[in-house]
1. Among the residues of the range 22-52, what is the count of those that are part of a loop (DSSP other than H, G, I, E, B) and within 13 Å of Gly74 (Cβ to Cβ)?
2. Please name all residue pairs, on different chains or six or more residues apart, with Cβ atoms under 7 Å, provided the first residue is in the range 1-28 and is under 26 Å from Thr39 (Cβ atoms) and the second residue is modelled with pLDDT under 80 and of a type outside the set (Gly, Ala, Ser).
3. Mind listing whichever residues of the range 14-40 are surrounded by 14 or more Cβ atoms within 10 Å (Cβ to Cβ), over 8 Å from the mean Cα position of the chain (by Cα) and aliphatic (A, V, I, L, M)?
4. Quick one: in the range 53-74, of everything that is acidic (Asp, Glu) and part of a loop (DSSP other than H, G, I, E, B), which residue is surrounded by the fewest Cβ atoms within 10 Å (Cβ to Cβ)?
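The values are calculated or read from the model by the stated rules, or taken from the named source; none is laboratory data. Just so we're clear, the structure is a prediction, and the values are computed from it rather than from any experiment. Neighbour counts run over all protein chains shown; Cβ positions are idealised from the backbone, glycine included.
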Amino acid sequence: MKQYVDTDGEELTEAQFVGRFTAQCLKLCGFTEFNDGITVLDYCADVASSYYADPFLREVGPEECAISEMEYWGEE
C-alpha cells in the first residue's frame, strides 16, 4: 500500500492529513456550509481526525478518504 508522506519524505502529520482532507472536500463539494449550518471546515476537522487515527485509512490517503466520506453526504 502507498505510504502518504510530506515533501520531506516523512509520514503526514495529523494536521497535514486534516488539511489535505479538507481541501479535497472543499474542492469537490462546491459549498462551504451544510444546510444545518455546520461549516465544511468544522465538519472535516472532526471527521478527518477519525480517518487519521486508523492506520489503514491513513495509508489510503487524505484525498481518497475525503472522496469516500463525501459519498455519504446528503443521505439522511
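1. 5
2. Leu12/Tyr4; Leu12/Val5; Leu12/Asp6; Gln16/Asp6
3. Matches in the range 14-40: Leu26, Val40.
4. In this case the residue turns out to be Glu71.
Matching residues to (1) in contact (Cβ under 8 Å) with a residue 24 or more places away in the chain; (2) touching a Cys at 6+ places or on another chain (Cβ under 9 Å); (3) under 17 Å from Leu12 (Cβ atoms):
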| site | (1), (2), (3) |
| --- | --- |
| Asp36 | no, no, no |
| Val40 | no, yes, no |
| Tyr43 | no, yes, no |
| Asp46 | no, no, no |
| Ser50 | no, no, yes |
| Ala53 | no, no, yes |
| Glu64 | no, no, yes |
| Ile67 | yes, yes, yes |
| Tyr72 | no, no, no |
